[in-house]
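Written out below as structure tokens is the structure these notes cover.
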Amino acid sequence: PMEQLPFDPKKRTVVILGTGWGAISFLRKINTDDYNVVAVSPRNYFLFTPLLPSCTVGTIELRSIMEPVRFITRHKSRNVKFYESECTDIDPESKTISITDVSDVKGAVTNTTIPYDYLVVAIGADNQTFGMAGVREFACFLKEIWDAQKIRTRLMDCIESAGFASQTPEEVDRLLHMVVVGGGPTGVEYAAELHDFLKDDLELWYPELADKLKITLVEALPNVLPMFSSQLIQYTERTFKQNKIEVLTKTMVKEVADKEIKVLDADKNIVSIPYGLLVWATGNCPRPLARKMMARLKHTQTSPRGILVDNYMRVAGANDIYAIGDCTFTKYAPTAQVASQQGNYLASVFDNLARIEEGQDKKITPFEYSHQGSLAYIGSDKAIADLPFLNGNVSVGGVATFVFWRSAYISTQFSFRNKFLVMGDWLKSTVFGRDVSRE
Ligand code: FAD
Ligand code: NAD
């Protein structure tokens with residue numbers, strides 16, 4: 001059945017897919033006086049991803065970086081309709097989308113279609129696995145809230161099993177070997193948080209095991225963090241060395257099994273690495289829905305890496321469909337900064353479209369990205385930052401940058417509630433240490 005929207009029939013309906021960085025920036029800015037707005041996403045909250053690595057060890061609690069979408073849209077002049085569901089198909093011909101309730105609890109109706117006048121696709125990206133067998137089965141990703149929860153539980157499981165009565169020394173070593181695949185910012189920040197947990201908490205609560213815990217970061221390229229300046233790459237690699245995080249560069253994972261991975265090392269030998277916890281952070285690939293839409297538009301959607309859009313974020317080959325953020329393939333990196341600027345931009349495009357319809361003289365200009373710099377946490381209260389400065393770039397790293405990193409992430413939280421919760425968690429873990437209970 002076609003769902004009838006209880007909205008103003010005189011206004012056009014904008015459907016937005018997703019509740020991530022792109023979608024939420026769009027929702028915050030779109031004027032609901034001009035449009036009926038419908039949001040569709042399998043999760044009913046926004047997730048502040050930059051602090052997700054901190055949740056894997058309990059520096060920050062999961063709910064502190066989640067914000068219900070209804071909190072975000074409550075100040076709108078007209079109601080934003082939200083459906084917690086996954087969009088499974090987009091039909092550009094009939095201008096409808098199919099949605100499915102993918103939650104554990106379902107009502108009598110689990111599938112329906114909804115019409116749109118304009119569609120904004122902001123569904124983010126999937127985890128890249130290169131189709132390698134075993135990755136989805138045995139590794140943990142670090143993209144969603146449940147990934148951080150799973151890592152935190154599994155980490156404590158490994159530690160407690162290593163401490164099991166009469167455990168063999170080989171098994172202790174394996175269980176306490178934490179392997180991170182991918183030396184991009186996700187892998188680096190996770191390894192950094194894990195190191196802090198080891199130093200600050202495990203040494204205190206598990207003194208007999210702490211010195212056996214080993215962290216290894218595996219990266220296929222010659223260095224980690226290719227998007228940072230060479231000075232900061234070296235600084236990070238030095239800091240990791242001091243922190244006893246082993247960095248295996250020019251090393252490519254070839255096989256993943258339940259207790260070990262096989263890698264092709266820098267000398268072109270196949271080496272097996274036993275692990276207790278495997279975290280997989282090798283970047284993005286398009287989600288099934290994006291691939292399905294691209295297949296429908298195959299004459300214009302020719303990139304396997306993501307949805308192609310023009311400078312106005314219009315999906316190539318489609319009418320009235322826009323795409324923003326990680327689901328697109330553009331000259332920009334797939335970052336929160338880009339996605340949120342695109343979300344803001346697109347809301348202003350819709351504003352201008354409404355004014356043009358009213359007869360006002362407005363121009364729609366192409367999207368322009370303004371880079372605010374790159375920041376990453378590298379452990380032991382140090383962060384690195386590449387910041388644009390007077391047409392150049394300054395690269396800074398250390399404890400002062402860490403203070404800047406924290407204040408930058410506090411100021412970019414969307415709500416006072418989240419700022420308060422995150423600062424409370426920082427204070428709590430400083431005063432009491434992190435909680436080592438296994439959930
Ligand atoms: P997302 O934020 O991933 O949102 C996608 C949304 O679409 C989600 O709500 C999802 O539930 C929904 N969705 C998925 N499938 C469907 C479907 N079929 N139908 C409807 N909805 C769907 N970037 C930075 O700039 N700075 C950082 O410090 C930083 N740190 C990061 C740390 C981590 C651990 C990670 C994983 C990423 C980090 N990023 C950072 C990258 C940043 O998170 C992404 O670039 C950003 O989330 C992209 O925004 P998006 O809106 O395109 O996608
Ligand atoms: P990424 O694409 O940035 O890095 C993935 C890394 O994995 C690459 O360096 C790649 O060479 C390596 N890799 C791929 N296959 C491999 C294999 N088989 N074996 C070993 N290594 C392999 O991915 P990411 O770190 O998840 O980041 C995704 C996006 O999110 C990026 O745009 C990033 O800038 C952004 N992000 C930013 C921050 C931050 O600004 N602090 C934090 C996290 C993520």
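We did not get these values from a lab; they are worked out from the coordinates using the rules stated. This is a predicted model, so every value here is computed, not measured. Cβ: placed from backbone, ideal geometry, glycine included. Neighbour counts: every protein chain shown.
Each Cα pair under 8 Å and six or more residues apart adds its separation to the average, and for the chain the resulting relative contact order is 19 percent.
The angle between the Cα long axis of helix 185-197 and the main principal axis of the chain comes to about 50°, on a 0 to 90 degree scale.
Per-residue Karplus couplings for region 400-410, computed as 6.51 cos²θ - 1.76 cosθ + 1.60 with θ equal to phi - 60°, are listed in order as 4, 5, 5, 5, 4, 4, 5, 5, 5, 6, 5 Hz, Gly and Pro entered as x.
If you build the Cα gyration tensor of the chain and take the root of 5 times each eigenvalue, what three semi-axes come out, in whole angstrom, biggest first? Could you put the intermediate results ahead of the total?
Details: eigenvalues 322, 109, 99 Å².
In descending order the semi-axes read 40, 23, 22 Å.
Computed from the alpha carbon atoms alone, the convex hull of region 326-374 holds 79 Å³ per residue. Roughly how many nanometres apart are two label points built 7 Å out from the Cα toward the Cβ at ALA257 and GLN167? A separation of 2.1 nm, rounded to one decimal place.
Taking 8 Å as the Cα distance limit and 6 or more residues as the minimum spacing, I'd like the relative contact order of region 330-439 as a percentage. Kindly include the intermediate steps, with their values, before the conclusion.
Working: 81 pairs, mean separation 14.1, N = 110.
Here the relative contact order equals 13 percent.
For ASP104 and ASP361, FRET efficiency with R0 = 41 Å and r from the beta-carbon atoms, rounded to 0.05? Computed FRET efficiency for ASP361 and ASP104 comes out at 0.20. Taking amide hydrogens as placed 1.01 Å from N in the peptide plane, the amide H of ILE16 sits under 5 Å from those of VAL38, ALA39, VAL40, VAL120, each at least 5 positions away in sequence or on another chain. How tilted is helix 416-432 with respect to the longest principal axis of the chain? Cα atoms for both, answer in degrees (0 to 90, nearest 10). Compared with the principal axis, the helix lies near 10 degrees. Within region 135-283, all pairs of alpha-carbon atoms sorted by distance into 10 Å bins from zero give the percentages 11, 42, 36, 10, 0. Quotient of the Cα radius of gyration of region 363-426 and 2.2 N^0.38 Å, N being its number of residues: 1.39.
Neighbour counts of C-beta atoms inside 10 Å place VAL271, VAL253, VAL188 in the sequence VAL271, VAL253, VAL188, starting with the fewest. Of SER370, SER230, the sequence from fewest to most neighbouring Cβ atoms within 10 angstrom is SER370, SER230. Of the Cα atoms belonging to region 302-439, the radius of gyration and Dmax stand at 20.0, 62 Å. Between TYR45 and VAL69, the built amide H atoms are under 5 Å apart, and every one of these is 5 or more places off in sequence or on another chain. Between the C-alpha center of region 262-309 and that of region 396-438 there is a gap of 31 Å.
Test of understanding: ordering ASP310, ASP104 by Cβ neighbours within 10 Å, fewest first, what list do you get?
Neighbour counts put them in this order, fewest first: ASP104, ASP310.
With the helix formula -39500 (n - 2.57) applied to DSSP H stretches of n ≥ 4, the chain reaches a computed 222 nm mean residue ellipticity of -9500 deg cm²/dmol. For the chain, find the longest principal axis of its Cα atoms and tell me its angle to the long axis of helix 230-242, 0 to 90°, nearest 10. Tilt of helix 230-242: around 40 degrees. 3J(HN,Hα) along region 249-255, derived from phi through the Karplus expression 6.51 cos²θ - 1.76 cosθ + 1.60 where θ = phi - 60°, amounts to 8, 6, 10, 10, 6, 10, 9 Hz, with x in place of Gly and Pro.
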